[in-house]
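Read the structure below first, then the notes.
Bear in mind that the values in this text are calculations on the coordinates, not laboratory data. A quick note: this is a predicted structure, and the numbers were derived from the prediction, not measured. For neighbour counting, all protein chains shown are included, and Cβ atoms are generated from backbone atoms with ideal geometry for every residue, glycine included.
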Ligand code: TXA
Ligand code: MG
């Protein structure tokens, strides 16, 4: 184990007390949420928030999501909540839904990258809510990975990548959802999907009607962190391939990221199956850990199997596209 990191378990309330104390004193705590692990600081402490950017080597143009434990916590953060946003928050909070709303003036520019808006979410993991509650402040937190790399879904992933840089890592087990929250913006007439995630677009639309969908943009996306290349492992991932391409890869060490079984394992040096029976939830929960394992075996190339773009398949394909994007 590296440096000053301590590992604690869910049952250990003392760990949460200690983590909350660290947050109150301006420190940085990695904590579990139902989607991925977050790297948290007091959202109203500019120096603490600046340290998050340093640790992640994240560009300052990429704003952070502010995490709350209770609906009342929003009073300090947002000016007003449009009725469609309110309906969705009542239905999906606590849970993997982030809403972008007009911010109150005193929300820090470093948190919002100078935007007039703030992204807010109420995570469902009990350790996350207890941490926010005990800290007594909203917690600004991006995913706990170096910028551009895969999001962590276990405490071990965080330890491997950021271990000696954070003050404490809370271990709440593997994340249940495995892909990040769905981000919806409510600044225009019609709500806009900025990032597909744990809450399904189909469910959102069945409640509030049609939502605009943000295309993947190379530059200046409306969720500034949603650059085309993101979530990338060190090994190149290819999403667009067919059986006949395999011949041209001869002599190379090739891995397969399969959605479901059956898989012809003979053709590949290493295979990860996201869900044997093709279940989206299981596949999403396994996604980042499976890519990490493929990355660790030092292959020349990872071939990923596309998944149907419905339900959670949207979020999975979004992450796979960004992970495979080789442009800048
Ligand atoms: O599930 C999640 O949302 C996880 C857990 C830790 O809560 N967090 C997460 O944070 O994925 P991060 O920083 O990796 O991604 C947040 C995304 C970025 O793409 C950022 O640009 C966008 O949210 N975002 C934050 N504030 C925004 C704003 N005011 N307007 C538009 N997009 C915003
Ligand atoms: Mg992230």
### Ranked list, fewest to most other Cβ atoms within 10 Å of each Cβ, for 246, 131, 47
47, 246, 131
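Let me have the 222 nm mean residue ellipticity of the chain computed from DSSP H runs of 4+ only, each contributing -39500 (n - 2.57), with the sum over all residues rounded to the nearest 500.
Estimated from H runs of four or more residues: -8500 deg cm²/dmol.
Peptides 70-83, 105-118, 180-193: what's the order by average Cβ count within 10 Å, highest mean first? All intermediate terms of the calculation are to be shown ahead of the outcome.
Numbers: 70-83: 14.9, 105-118: 16.8, 180-193: 20.3.
Descending packing order for the listed peptides: 180-193, 105-118, 70-83.
Given the Cα-Cα distance of residue 293 and residue 246 and 0.36 nm per residue of separation, how much length would full extension add, in nm?
Length difference between fully extended and current span is 14.8 nm.
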#### Entry: C-alpha center-to-center spacing [the range 124-150, the range 288-305] in angstrom
27
### Calculated FRET efficiency for the pair residue 50/residue 75, C-beta based, R₀ 22 Å, to 0.05
0.30
### Task
Would you mind computing, in nm to one decimal, how far apart the modelled labels at residue 147 and residue 190 are, each placed 7 Å from Cα along Cα→Cβ?
3.3
### Query
So if we plug the beta-carbon distance of residue 133 and residue 86 into 1/(1 + (r/R0)^6) with R0 = 22 Å, what FRET efficiency do we get, rounded to 0.05?
0.50
### Query
In what order do 265, 137, 175 fall by count of nearby beta-carbon atoms within 10 Å, going from fewest to most?
265, 137, 175
### Message
Once you place label points 7 Å from the Cα toward the Cβ at residue 109 and residue 164, how far apart are they in nm?
### Response
3.5
### Task
Given the options 50, 141, 155, state which has the largest fluctuation in a GNM of the chain using a 10 Å cut-off (strictly under) for Cα springs.
50
### Query
Just 15, 296, 119 to compare: in a GNM of the chain, with alpha carbon springs under 10 Å, which one fluctuates most?
296
